[in-house]
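Student: I have a structure I would like to understand better, so I am pasting it below and will then ask my questions one at a time.
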Amino acid sequence: MKAEIAVVGSANLDLVVDVAKVPLVGETVLGGDLRRIPGGKGANQAVAAARLGRRVAMIGRVGDDDAGNGLRTSLESDEIDTTHLLSTPGTPSGIAFIAVQSDGDNSIIVSPGANAHLSIDDLVAAEPTLESAAVTLLQLEVPLNVVTAAARMSGGTVILNPAPAPPGGLPDALLAHTDVLVPNQTELAALAGVDCPVYSTTAADLARGLPCGSVVVTLGADGALVVDPTGVTHIPAPIVTPVDTTAAGDSFCGALPDAQIRGETLTAATEWAARVGAATTQRAGAQPSLPTPSEVEQLLG
Ligand code: RIB
């Protein structure tokens, strides 16, 4: 069966340690036991959409190693089509080093490994999937030229989560092919070339200045701003005490197209995404924390 959502992006093995507080430069801290968890922004968004009931195909690269085999198996256990998740001999899989603070916030360093080897030729091989999917979901843990090509080749709605934000901003060609851009406040500031932090009042102005379709700015516990040609709408988030915020942004991005494919407006889709994102903060880890629709309701109480 054809995929409804094509995800072009990263798959990483997350090496996670709980700490009271992430270390400052030059500081050493002691943490908890090391946990190995499937992650990567692309794979997380793919799993998020699949758990919400969507047919998803993953286009990416893993290493020809134990981590890569585990990441592939994990995606397949969520019934994600991995035909175009290729193995890269002689290159390690992507690895993310994650420190999770006791307040649920985190710091992440990504070693891209095989993700950096995704090529435009790989997309050409997956072109029928990109052309027929209702939505293509993109992030920036694979090469920027490949993300730009994927946006161009997509036949459906293009949703771009510009994470991590590239220092030089985004190519105009990528923004021009983006229907919905989903930055957080830090990413929006980087794209607009202004100093952090960006508060919601200025976020709407900055978002309006970007040459793409619509912008949904995620505001963490404050919810999200939908900035589209009809105006600006603030969507509050459910009030929760986070356990671990890892992948909350990814589940938000996976939930948006889930609701759009059901025919919801962008505003209604953002309300759903804010609920799914908040529910994701209630459990630890990236992919283990991604909820089904019934879990969203249970986790939010
Ligand atoms: O967004 C969370 C993800 O960022 C983690 O799973 C990690 O792999 C990095 O890609």
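The values are calculated or read from the model by the stated rules, or taken from the named source; none is laboratory data. None of these values were measured; they are calculated from a predicted model. Positions of Cβ are generated from backbone atoms using ideal geometry, with glycine treated the same way; all protein chains shown enter the neighbour counts. Protein only, heavy atoms only, side chains kept; ligands, DNA and RNA dropped before computing areas. Shrake-Rupley method; radii C 1.70, N 1.55, O 1.52, S 1.80 Å.
Student: Take ALA114 and tell me if it is open to solvent by 10 Å² or more (accessible area, probe 1.4 Å) and touching a Pro at 6+ places or on another chain (Cβ under 8 Å). Give the derivation first.
Tutor: Details: open to solvent by 10 Å² or more (accessible area, probe 1.4 Å): no; touching a Pro at 6+ places or on another chain (Cβ under 8 Å): yes.
Considered against the rule, which asks whether it is open to solvent by 10 Å² or more (accessible area, probe 1.4 Å) and touching a Pro at 6+ places or on another chain (Cβ under 8 Å), ALA114 comes out as no.
Student: Which residue, of THR241, THR186, THR230, is farther than 28 Å from THR280 by Cα and surrounded by fewer than 22 Cβ atoms within 10 Å (Cβ to Cβ)?
Tutor: Every option except THR230 fails the conditions.
Student: Look through GLU4, GLU27 and report the one residue that is at pLDDT 95 or above, away from the ligand (no atom under 16 Å from the Cβ) and exposed (fewer than 14 other Cβ atoms within 10 Å of the Cβ).
Tutor: Of the residues listed, the single one that is at pLDDT 95 or above, away from the ligand (no atom under 16 Å from the Cβ) and exposed (fewer than 14 other Cβ atoms within 10 Å of the Cβ) is GLU27.
Student: Scan (1) within 20 Å of SER111 (Cα to Cα); (2) away from the ligand (no atom under 16 Å from the Cβ); (3) crowded, with 20+ Cβ neighbours inside 10 Å for the single condition ILE37 breaks and write down its number.
Tutor: Failing condition for ILE37: (2).
Student: For the stretch 81-102: of the residues being in a strand (DSSP E or B) and within 16 Å of the ligand (Cβ to nearest atom), which is nearest to VAL25 (Cα to Cα)?
Tutor: So the residue we want is ALA99.
Student: Which pairs have Cβ atoms under 9 Å, sit 6 or more apart or on different chains, and link a residue in the stretch 24-46 that is more than 30 Å from ALA273 (Cβ to Cβ) to one that is within 8 Å of the ligand (Cβ to nearest atom) and open to solvent by 100 Å² or more (accessible area, probe 1.4 Å)?
Tutor: none
Student: So how many residues does the stretch 260-293 have that are within 16 Å of the ligand (Cβ to nearest atom), under 21 Å from GLU76 (Cα atoms) and in a helix (DSSP H, G or I)?
Tutor: Selection size over the stretch 260-293: 4.
Student: Confirm whether THR148 is touching a His at 6+ places or on another chain (Cβ under 8 Å), open to solvent by 10 Å² or more (accessible area, probe 1.4 Å) and touching a residue at least 24 places away in the same chain (Cβ under 8 Å).
Tutor: yes
Student: Next up: Among the listed residues ALA43, ALA57, ALA50, which satisfies the condition of being of a type outside the set (Val, Ile, Thr), open to solvent by less than 40 Å² (accessible area, probe 1.4 Å) and in a strand (DSSP E or B)?
Tutor: Unique residue meeting the criteria: ALA57.
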